[in-house]
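Input: a single structure, listed below in structure tokens.
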Amino acid sequence: MTNDRLAQQEKIIATVERVTYRNALNGFCVVEMNSRDDFFTAVGELPEVAAGEELQIVGSWTTHGTFGRQFKIETFSRSLPDTSAKLFAYLSSGAVKGVGPKLAMKIIQRFGERTFDILENDPERLAEIKGISQRSAKEISQEFIRQFAMRKVLIELENYGITPSESTSIYKYFGAGALNTVRQNPYVLCNMEQGFSFTRVEELVEKMQLSPDPVYRNTAGILHVVRHNLYNNGHTCLPRRKMLAPCAALLSLTEDEADIAIDSLLEGHLLFSEMLNGEEFLFLPDIYMAEREIAERMKTILRFPPAGFANLEKEIDRSEENNQMFYADAQREAVRLACEKGLLILTGGPGTGKTTAVRAVIDVFEQKGLRVLLAAPTGRAAKRMSDVTGREAKTIHRLLEVEWNDHDKPVFGRNAQYPLEAEALIVDEMSMVDCSLFASLLDAVAFGCRLVLVGDADQLPSVGPGNVLNDLIASEKLPVVCLTEIFRQAQQSLIVTNAHRIIGGDMPVLDEKKSDFFFMPRNDSVAAADCIADLVVRRLPAAYGFSPINDIQVLCPSKKGTCGTMNLNKILQELLNPKDRVKNEITVSSARFFREGDKVMQTRNNYDIPWEKDGESGQGIFNGDVGILEFINYAAGLLKIRFDDRVAQYPTDHMADLELAYAVTVHKSQGSEFDCVVIPVCDVPPQLCYRNLLYTAVTRAKKLEVMVGRQGVIEAFAANDRSHRRYSALESFLCSEEKDFM
């Protein structure tokens with residue numbers, strides 16, 4: 001089976017004869033269609049479609065290896081049945097609950113093409129048909145009106161360029177009054193959980209020839225500017241003065257008018273503000289509450305620490321004896337603080353003994369009979385934590401028993417009312433944890449539970465908003481142990497010593513031939529890209545026995561450019577997983593497709609995707625998860641992807657959330673380790689040349705590190721300690737006096 005990505009699109013008007021398959025999760029359907037007595041099979045995303053509906057479909061013809069010729073639908077529009085034959089097909093399909101083929105035939109024979117009018121406006125007349133009571137007539141009518149209202153919404157919204165899945169989401173979110181809601185205030189679409197962009201709604205307003213209240217537009221526009229700056233740049237708050245110009249420019253207002261509009265949002269609690277260091281900052285409500293709650297919970301833990309342990313020094317000695325190790329002074333201090341204060345932040349670079357200190361803390365906790373839980377932000381980080389501690393570690397989401405509501409918003413089963421059953425909680429890779437997730441985690445931690453937060457403060461901050469680990473440390477209000485001594489065994493690794501040189505602002509050693517760290521000079525990006533491809537595909541597997549897919553990871557500072565992830569992924573896909581007639585392919589966009597066998601990465605949290613693991617089932621694939629695409633099932637609209645030890649049934653309509661992962665950005669690699677890392681250091685944009693980024697990339701390698709490019713770029717990385725500034729308020733909240741903010 002192959003997928004012709006260049007197939008010419010056609011437009012066909014046809015009637016749905018039968019729905020032979022429907023995936024309730026993603027709306028993917030296989031339908032039998034009739035166009036002027038030409039019967040054919042069509043496949044595509046057709047939410048709520050039913051037999052008897054006339055569709056105008058746009059797509060291309062493909063050939064399925066098992067099912068033969070099919071029409072693959074890219075977009076469609078629909079109209080309700082308008083003849084007796086179409087009405088019968090629609091009603092007999094089961095679209096209206098309580099009406100089957102026999103009853104549908106009786107209704108059509110009695111009322112003919114007036115059937116829809118009777119069902120909607122004169123339902124009691126259904127009781128004229130033998131076997132239909134007045135009660136049944138009313139129930140059938142109510143179900144029809146519900147279905148009719150939904151289809152009316154879908155049809156009209158689709159006419160304005162809104163996709164079927166988007167139209168279905170809008171109907172589910174706003175109900176039968178969705179059309180009136182959108183007509184009155186189309187900017188509510190910006191506020192949906194996976195809402196439209198402000199620009200998209202502006203285009204919709206023009207298409208629908210609407211004139212909404214300017215207040216709606218101003219509100220949506222200002223929130224758009226704030227959200228864009230927060231979520232794209234990791235801020236939790238923004239200086240009010242910096243918001244006036246972009247808000248005014250977007251909305252064609254003066255800065256004074258934008259300032260007044262911001263006041264209105266503050267009065268309506270759509271924005272919050274705080275004075276931080278003498279300047280006013282703006283927050284979105286949920287992020288404001290998250291940082292406030294973190295600060296207050298930290299203060300509470302410090303005010304009411306759990307009871308200390310008797311004979312603590314002896315317990316530490318016993319742990320040393322049991323593990324046949326000698327703990328350094330800083331490691332012993334970490335154990336003392338974790339036991340006595342009930343709260344510890346443990347930080348340090350590679351080779352400084354964080355893992356040993358964590359094992360010691362766990363050992364003493366367990367000697368005292370405490371129930372200890374371990375967690376990390378990603379699946380790979382949790383797996384590594386399990387490997388080094390010998391105990392089960394879970395992702396934070398899984399630990400909190402994540403679920404989701406009707407609007408696909410994550411809801412955690414563990415919270416203040418149903419806290420974690422733990423007397424000690426240890427969280428690794430804290431640099432990756434954003435403020436919202438950390439606030440949810442703290443909400444589920446019972447009072448008296450000891451909390452140990454472990455991370456490398458020199459790594460890149462979280463992808464999501466906040467600078468949690470650094471703010472906690474910078475406040476100087478919490479117990480912190482910073483491990484700085486590089487142990488003798490780690491000193492033998494040039495990966496470790498070079499990482500510390502980079503973060504200290506020094507050039508890494510590049511000319512050591514017998515080491516685990518190599519530099520391959522290439523003066524231009526094309527030569528660098530060719531060298532990287534040769535290293536991954538041929539030279540490194542031959543020299544070290546590494547698997548190009550499982551052991552080697554290319555980490556790029558940028559997505560763009562010859563040595564960015566986009567170009568290198570194309571090159572590596574064709575070299576490592578070339579086109580093959582037995583491998584299925586599926587198109588994401590004109591420039592992107594996936595092939596069975598591809599290495600892929602999830603780029604955002606999706607709580608809906610089901611997976612199985614050793615007989616256990618669950619849901620949720622998260623930002624940064626890497627897997628192998630094992631099978632493409634066109635008929636079911638599903639991809640089978642193996643994410644480490646979890647096998648996910650991945651709906652094709654979520655493919656936009658996947659990227660090829662032969663090469664990934666350094667930001668996306670956080671929390672992961674790889675046997676071998678290859679880093680292009682050629683033509684890197686100046687705004688990305690800062691030492692935290694290169695340091696993070698280098699510290700992802702366990703056995704071998706190879707840099708390819710120009711030495712001058714490495715020098716630029718090491719010299720620049722100015723990473724992108726993040727505005728956040730957690731440090732200020734931790735240092736402030738008590739305040740009632742609820």
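The values are calculated or read from the model by the stated rules, or taken from the named source; none is laboratory data. Keep in mind that this is a model prediction, so the values were computed, not measured. Every residue, glycine among them, receives a Cβ derived from its backbone with ideal geometry; neighbour counts consider all protein chains shown. When the accessible area is computed, the model is the full protein with side chains, heavy atoms only, and any ligands, DNA or RNA have been set aside. Shrake-Rupley method; radii C 1.70, N 1.55, O 1.52, S 1.80 Å.
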Using the Karplus equation 6.51 cos²θ - 1.76 cosθ + 1.60 (θ = phi - 60°), what ³J(HN,Hα) coupling, rounded to whole Hz, does each residue of segment 469-486 give in order, writing x for Gly and Pro?
4, 5, 5, 4, 5, 5, 5, 6, 9, 10, x, 10, 10, 10, 7, 10, 6, 8
So the FRET efficiency between Val526 and Asp387, C-beta based with R0 = 51 Å and rounded to 0.05, is 0.85
Roll a 1.4 Å probe over the protein heavy atoms and report the accessible area of Arg22 in Å², nearest 10.
110
Which GluC sites (Glu not before Pro) in segment 449-552 pass both tests, a DSSP loop state and at most 12 other beta-carbon atoms within 10 Å?
Glu476
Once you place label points 7 Å from the Cα toward the Cβ at Glu279 and Ala85, how far apart are they in nm?
7.1
Taking a probe of 1.4 Å and leaving out DNA, RNA and ligands, segment 182-309 shows per residue an accessible area in Å² of 48
In segment 196-317, how does Rg compare with the Kirkwood Rh, expressed as the Rg/Rh ratio over alpha carbon atoms?
1.25
Out of residues 5 or more away from Thr75 or on other chains, whose amide H comes under 5 Å of its own, with H placed 1.01 Å from N in the peptide plane?
Val58
Sorted from largest down, give the three principal axis spans of the alpha carbons of segment 626-705, whole angstrom values.
47, 28, 17
Given a Förster distance of 51 Å, the FRET efficiency implied by the Cβ-Cβ spacing of Phe593 and Thr300, rounded to the nearest 0.05, works out to 0.50
Taking Rh as the Kirkwood radius, which is the inverse of the mean 1/r over Cα pairs, what is the Rg/Rh value for segment 274-420?
1.03
How high is the FRET efficiency from Glu113 to Gln619, r the C-beta distance, R0 41 Å, rounded to 0.05?
0.35
Considering only DSSP beta bridges with both partners in segment 611-710, what is the antiparallel share in %, to the nearest 5?
70
Counting only DSSP beta bridges with both partners in the chain, the antiparallel fraction in percent, to the nearest 5, comes to 65
Relative to 2.2 N^0.38 Å, what does the C-alpha radius of gyration of the chain come to as a ratio? Two decimals please.
1.09
Can you put Val188, Val388, Val201 in order of accessible area, largest first, using a 1.4 Å probe?
Val388, Val188, Val201
Where does segment 339-466 land on Rg/Rh, using Cα atoms and the Kirkwood Rh?
0.96
Computed for segment 479-577: size of charge dipole around the Cα centre, +1 on C-beta of each Lys and Arg, -1 on C-beta of each Asp and Glu, debye to nearest 20, value 100
Lys, Arg +1 and Asp, Glu -1 on Cβ, resulting dipole of the chain about Cα centre, debye, nearest 20:
1460
Residue-by-residue Karplus 3J(HN,Hα) for segment 306-311, coefficients 6.51, -1.76, 1.60, Hz, glycine and proline x:
x, 4, x, 9, 6, 6
For the chain, which whole percent of the accessible surface, found with a 1.4 angstrom probe, sits on carbon and sulfur atoms?
48
With every protein chain kept in place and a 1.4 Å probe, segment 63-175 has an accessible area per residue in Å² of 51
Under the rule of -39500 (n - 2.57) per DSSP H run of 4 or more residues, summed and divided by the residues of the chain, what mean residue ellipticity at 222 nm is obtained, to the nearest 500 deg cm²/dmol?
-11500 deg cm²/dmol
Keeping all protein chains in place and using 1.4 angstrom, which order do His235, His269 fall into by accessible surface area, from largest down?
His269, His235
Assuming a ≥ b ≥ c are the square roots of the Cα gyration tensor eigenvalues, decide whether segment 543-635 counts as rounded (a/c under 1.5), prolate (otherwise, with a/b larger than b/c) or oblate.
rounded
What shape does segment 544-591 take by its C-alpha gyration tensor, where a ≥ b ≥ c are the square roots of the eigenvalues and a/c under 1.5 counts as rounded, a/b above b/c as prolate, and the rest as oblate?
oblate
Going by the alpha-carbon gyration tensor, a ≥ b ≥ c the square roots of its eigenvalues, is segment 522-565 rounded (a/c under 1.5) or, if a/c is not under 1.5, prolate (a/b greater than b/c) versus oblate?
oblate
Return the distance in nm (one decimal) between the two label points of a simple spin-label model at Arg18 and Lys477, each offset 7 Å from Cα along Cα→Cβ.
6.8
